[in-house]
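None of the figures in this text is laboratory data; all of them are computed from the coordinates on show. Computed from a prediction, not measured in an experiment: that's the story for all the values here. Cβ atoms come from the backbone with ideal geometry, glycine included; neighbour counts cover every protein chain shown.
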């Protein structure tokens, strides 16, 4: 696999073209941002840990019938993925009130939801990824009605799989973000990553935060939180 020119650089990853027109190479960076880029920093080896954690989760989901874009992990920081037409939606699944949901609804952080909540945001950095609903999606032709139904069903299935699995590792899945894309046949599949960058993980017993909230809120021990998630999932000690 030959890495070619950089096609896109985001807050946490760089996407490169390859000699295969249907495949991209993703490079995971150590850069950390919060507040739509207002706060910036570095988390040592974050890229390596997020790459490995994402690979673990996507392998787990594939065994449960969830199709995704990951093909292989050629190095600690790199991942080969299918080239997709990314649907410009951030799909947020919330099981427990935290972050913006707690603030918006006046709920105490840590309040369990009686059912999973799905929220949609328009994936647009210039606009700050504003929250939208199904009507916005359909009116702006970001996705079809059928695609929205598929995304919702897949998101709830992914949530169910992850919640149950993480309980066995003494981790509560508070909320997380998903992205989806269309493959070359037009099929909607899972994209992006699953890591402490876009998931809230709390220790089941202590409720200690094991995710990027430690960076967002200046709680300290940020690298240790990422290391702990990697250790609980894979047994790897860094």
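Full extension from residue 115 to residue 234: what is 0.36 nm times the residue separation minus their Cα-Cα distance, to one decimal in nm? Spell out each step's value before the answer.
On the way: separation 119, 0.36 × 119 = 42.84 nm, distance 2.91 nm.
Additional length available on full extension: 39.9 nm.
In what sequence, highest mean first, do 216-229, 120-133 appear when ranked by Cβ atoms within 10 angstrom? Present the calculation step by step, with values, prior to reporting the outcome.
Values: 216-229: 17.1, 120-133: 13.6.
My ranking of the peptides, most packed first, is 216-229, 120-133.
If one computes P(r) from the Cα atoms of the chain, what percent of pairs lie at distances over 33 Å?
Numbers: 3531 of 28203 pairs.
The proportion of pairs with Cα distances above 33 Å equals 13 percent.
Over the chain, calculate the relative contact order: mean separation of alpha carbon pairs under 8 Å at least 6 apart, over the residue count, as a percent. Present the calculation step by step, with values, prior to reporting the outcome.
Numbers: 436 pairs, mean separation 42.2, N = 238.
Relative contact order, the chain: 18 percent.
Mind jotting down the three principal axis lengths of the range 3-82 based on Cα atoms? Whole angstrom, largest first.
36, 30, 21
What area, in nm² and to one decimal, does the C-alpha convex hull of the range 144-238 cast on average over all directions? Write down the numbers at each step before the final one.
Values: hull surface 29.5 nm².
Its Cα hull, projected and averaged over all orientations, spans 7.4 nm².
What is the extension gain from residue 170 to residue 17, computed as 0.36 nm multiplied by their sequence separation minus the C-alpha to C-alpha distance, in nm to one decimal? Display every interim value, and only then the final one.
On the way: separation 153, 0.36 × 153 = 55.08 nm, distance 3.88 nm.
Using 0.36 nm per residue and subtracting the Cα-Cα distance, I get 51.2 nm.
Any idea what % of Cα-Cα pairs in the range 63-134 are farther than 14 Å? Could the numbers behind the result be given before it?
On the way: 1872 of 2556 pairs.
In whole percent, the long-distance tail amounts to 73.
Please list, in order, the residues from the range 113-130 whose amide nitrogen is less than 17 Å from a point placed 7 Å along the Cα→Cβ vector of residue 140.
119-130
Using only alpha carbon pairs under 8 Å that are at least six residues apart, calculate the relative contact order of the range 118-238 and give it in whole percent. List each step's numbers first, then the result.
Details: 131 pairs, mean separation 16.4, N = 121.
Contact order relative to length: 14 percent.
From the Cα gyration tensor of the range 84-169, with a ≥ b ≥ c the square roots of its eigenvalues, which class applies: rounded if a/c is under 1.5, or else prolate if a/b is larger than b/c, or else oblate?
Values: a/c = 2.13, a/b = 1.35, b/c = 1.58.
Note, shape of the range 84-169 comes out oblate.
With runs of 4+ DSSP H residues as the only contributors, calculate the mean residue ellipticity of the chain at 222 nm using -39,500 (n - 2.57) per run, divided by the residue total and rounded to the nearest 500.
On the way: 6 runs with 71 residues, N = 238.
Estimated from H runs of four or more residues: -9000 deg cm²/dmol.
Need the full-extension length gain, residue 5 to residue 40, defined as separation in residues times 0.36 nm minus the C-alpha distance. One decimal, nm.
On the way: separation 35, 0.36 × 35 = 12.60 nm, distance 2.54 nm.
Between residue 5 and residue 40, full extension yields an extra 10.1 nm.
Would you work out the relative contact order for the range 4-87, in percent, from Cα pairs under 8 angstrom that are 6 or more residues apart? Write down the numbers at each step before the final one.
Working: 136 pairs, mean separation 21.1, N = 84.
For the range 4-87, the relative contact order is 25 percent.
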